[in-house]
1. When the C-alpha atoms of region B:110-172 are aligned to their principal axes, what extent does each axis show, in angstrom, from largest down?
2. I'd like the mean, over residues of D:237-246, of how many other protein chain beta carbons sit within 10 Å of each residue's own Cβ.
3. Here is the link list: B:134/C:134; B:31/B:95; C:111/C:255; B:95/C:61; A:61/D:95. Which ones come out longer than 27 Å on Cα distance?
4. Can you list the distances in nanometres, one decimal and ascending, from the residue C:232 label point to the identical position in each other copy, with the point 7 Å along Cα to Cβ?
5. Quick one, could you list the DSSP H helices from chain D stretching 27 Å or more along their long axis (Cα atoms) with average Kyte-Doolittle hydropathy of -0.5 or above?
6. Considering only chain B, what is the antiparallel percent among its DSSP beta bridges, to the nearest 5?
7. Summed for both chains, how many Å² of accessible area, to the nearest 100, are buried between A and D with a 1.4 Å probe?
8. FRET efficiency for residue B:61 and residue C:183, Cβ-Cβ distance as r, R0 = 56 Å, nearest 0.05?
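The values are calculated or read from the model by the stated rules, or taken from the named source; none is laboratory data. All of these numbers come straight from a predicted model, not from anything done at the bench. For neighbour counting, all protein chains shown are included, and Cβ atoms are generated from backbone atoms with ideal geometry for every residue, glycine included. For the accessible areas, the whole protein counts, side chains as well, though only heavy atoms, and no ligand, DNA or RNA atoms are used. Shrake-Rupley method; radii C 1.70, N 1.55, O 1.52, S 1.80 Å.
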Protein chains: 4
Amino acid sequence: MRTFTLLTVGLCLAGLPALAQPRSAGAPDPKLIEDVVVANRVLADLGVVDGFGHVSVRHDKDPNRYLMSRSMAPALVKAEDILEYDLDSVAVDAKGQALFLERFIHGEIYKARPDVMAVVHSHSPSVIPFGVSKTRLQPIYHMSSFMGVDVPVFEIRDVAGPASDLLIRDARLGAALAQSLGQGAAVLMRGHGSTVVGASPRQAVFRAVYTEVGARLQAEAMRLGSVTYLTEEEAEAAARANDTQIDRAWLLWLKAAQRRSMAG
Amino acid sequence: MRTFTLLTVGLCLAGLPALAQPRSAGAPDPKLIEDVVVANRVLADLGVVDGFGHVSVRHDKDPNRYLMSRSMAPALVKAEDILEYDLDSVAVDAKGQALFLERFIHGEIYKARPDVMAVVHSHSPSVIPFGVSKTRLQPIYHMSSFMGVDVPVFEIRDVAGPASDLLIRDARLGAALAQSLGQGAAVLMRGHGSTVVGASPRQAVFRAVYTEVGARLQAEAMRLGSVTYLTEEEAEAAARANDTQIDRAWLLWLKAAQRRSMAG
Amino acid sequence: MRTFTLLTVGLCLAGLPALAQPRSAGAPDPKLIEDVVVANRVLADLGVVDGFGHVSVRHDKDPNRYLMSRSMAPALVKAEDILEYDLDSVAVDAKGQALFLERFIHGEIYKARPDVMAVVHSHSPSVIPFGVSKTRLQPIYHMSSFMGVDVPVFEIRDVAGPASDLLIRDARLGAALAQSLGQGAAVLMRGHGSTVVGASPRQAVFRAVYTEVGARLQAEAMRLGSVTYLTEEEAEAAARANDTQIDRAWLLWLKAAQRRSMAG
Amino acid sequence: MRTFTLLTVGLCLAGLPALAQPRSAGAPDPKLIEDVVVANRVLADLGVVDGFGHVSVRHDKDPNRYLMSRSMAPALVKAEDILEYDLDSVAVDAKGQALFLERFIHGEIYKARPDVMAVVHSHSPSVIPFGVSKTRLQPIYHMSSFMGVDVPVFEIRDVAGPASDLLIRDARLGAALAQSLGQGAAVLMRGHGSTVVGASPRQAVFRAVYTEVGARLQAEAMRLGSVTYLTEEEAEAAARANDTQIDRAWLLWLKAAQRRSMAG
């Protein structure tokens, strides 16, 4: 509702810079567009997203803009579907297309975290159970080390009350989610999904994939008895080491996405 | 047995309108046929149905008719396999083909629920365990919100006694199942499967898919400890929001089904 | 070791009818060969077998002969790989090929059970845990009803002692397994796998598939709390009903196997 | 860090044989290269490795050399990516390519175990939970018998302290891992993965695959109650029997890898 209010105000008060239709920061690096398109395909290929979920990247020409597809299934995203948004999550040119209701996840995190260059929101299946449980998600092996030892859970009831539709459908909810994320790499969203961030689309995808895998393995391990988790120091060291290896996985995922694209 | 009795009576007493061979309501909208064919493929693609299960749609020209394939595996259904049935689940023209033993699920639900336009019956694997357990299926996240907080379980023993074959093989059992469903979106069937309904084939498919996913995630979450489920208010709000987003998933599923069809 | 002894005796004492190289019963119905080839592919497609496991059919011209591939991965079996065996599991003409070490599973069951026309042996993954546990495999829904309410577990230690390699590598072990199977449809093999039988390759495959699915669903259901299983009467009635529906699944599986074959 | 130190020393002190750039043992048997390439594909196909993990084979011309790809995702490895290393894990000719940080796993095991001809390191998902738990991995069925009844777990904290990045990034850690492996077929690595060895690439792949499957089945079985594991004698006998059957699975895996290769 707030969304429509903002847009209406924006349309009515054209001229007030903060709410007016934003201007484009210019054409982004085509490689950035390619990475965000591939990111969509990869996340779908690996089951992190299904018909829902979205991934964005901060504009390389202007830190106050970000790039994300129109509202559509990630597996189908092509370069021409990528739109530019300002950090209030207003599209520079929506081209008459529907936008993601939850684009405020992205805009508000980019506002709060200048270091973040890419954001993935998903309903990654193995992560959902940790979001509705008191059991903390923790790094069980080096591949999920980036999540750190204190992954927050965002409870939308604390902000939106007991009758919300669980969606981050305005800037206020987006800002609350960003606050819950803090300086971390991932935030779980109770009854909804999760959001991970990165310094690039590749790192954000890598983290989204291994948040899913790590959650699945932790749940399995807990069924065997007490679990030895990574220490904070181990997690930090392993995350640094993995950051140098992201392209090894990315190249594999890219090839699979290209093969899929040729087939379809 | 009741089925054969009804049919025999129908053949013997041709002329009694209620039991005679029903007349066609005319050609349905081809888009409706396409949607029910795609629905079959999608449900198979996503593992909601295997060789068994069926999906129907109410006829757009006559609310007292519905459309469903002859007895066959859903993945193989083509437009020419779709037959027309009256609400007693008698085929207008069976074309000499075998019919689903359990078509009464569909006819009796269409009788009891004028708002229902499509029905999916399946042995959706993650749902089966909830049907044989005292553990209630509940919405764990917004995607399964449509099921509401009180999903009924149909116990066929209450109607057919302790020695049935568990199939809804006549109108009496179909009516009992419809009564168990009540005004809800889904009903579990103990020792058998589940049935979900919708205002369109797309909504019914969406609900069948996320009943399966929701059940899987709930089972996982319960293993982590106590679970925070959606409140009734959250479930209602989220279901309303999701209803505006169904085509995003449908378009993805359609493309996958088309690709599969081309391949095969 | 017993195997080699038997063969050696057979070669040395050529002339003793029981142990001599058996004579062929003649060419089997090509449709039978086709069904056993398809059965191999289907079982591989559906994950009931991997590189190991085998399926046989009794010869239609002679109840004292059965047909099964040479020792090879089921997914790769073609018509020319099918060999004829007598019920002592001696190949009529091995064509210089290696034979399954465990072919005695098949021969001894055909001896003990004249009603059995096809046998599937596999390491079907969801069934293995029930073979090593005190928890009984039971029919949780109509699709697994054929297994009945008292599925036996064969403990090879009772026959071969504590140091066997767990394989049914001679007629004595095969006969003991057949005895454990009794008049049932399935027998679990502790620390090894399972064997199911049928009145046709199609029924045996159907049963192998739904033994696997039923085991998986039962394990899931048990984690939710106490489970309502099918009564003996329900299981019998449902098994009879399902037996009329096998071809619905078989046709689907056949199409998938053919597509796979064309691709490869 | 130790790695770079060694390399620097090697470059500075060229002439000291132990640390100098190693000389090639000559061209290996092309069939060995083919097996290690196929091994990479197979392990990826079967989900034992993802973008990470590696497999090596000892050089057939010199037991002090081994062959392994440059640092890359296993699914993409081709013959031209295979490099030669000495047992200090220095590449004979790195061709300017990045090397696996953890190649010391391979070199140190080849030093300690003259019988070992191939090594697989992976993050095989079902095995990870056993590495972080007090629950011992044990053979639940004949296919996982090779692991024996006492699979060791390597705790890197015992060697590298509480703040390592969990990687085997130098010879000292590799030697400690090799010591933990002892005379066994597999060693779990806490918070990281596992390593299996074999007398050939085929046996090492076979063992890696059935370590994964065995772990998954054991976890499932434990949820059903107390488990009857293979005795030590059964495990030994079954392992010997399986060793004669490896090519049955290998041929299947090879065909699948070739099909995949043609497609991509």
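1. Sorted from largest, the Cα extents of region B:110-172 read 38, 31, 19 Å.
2. 3
3. Where the Cα-Cα span goes over 27 Å, the pairs concerned are C:111/C:255; B:95/C:61; A:61/D:95.
4. Nearest first, the other copies' label points are 4.5, 4.5, 6.3 nm away.
5. Membrane-span-like by this criterion, though nothing is claimed about a membrane: D:201-224.
6. Antiparallel bridges: around 90 percent, rounded to the nearest 5.
7. Protein heavy atoms only, the A-D interface buries about 2800 Å².
8. The computed FRET efficiency comes out at 0.55.
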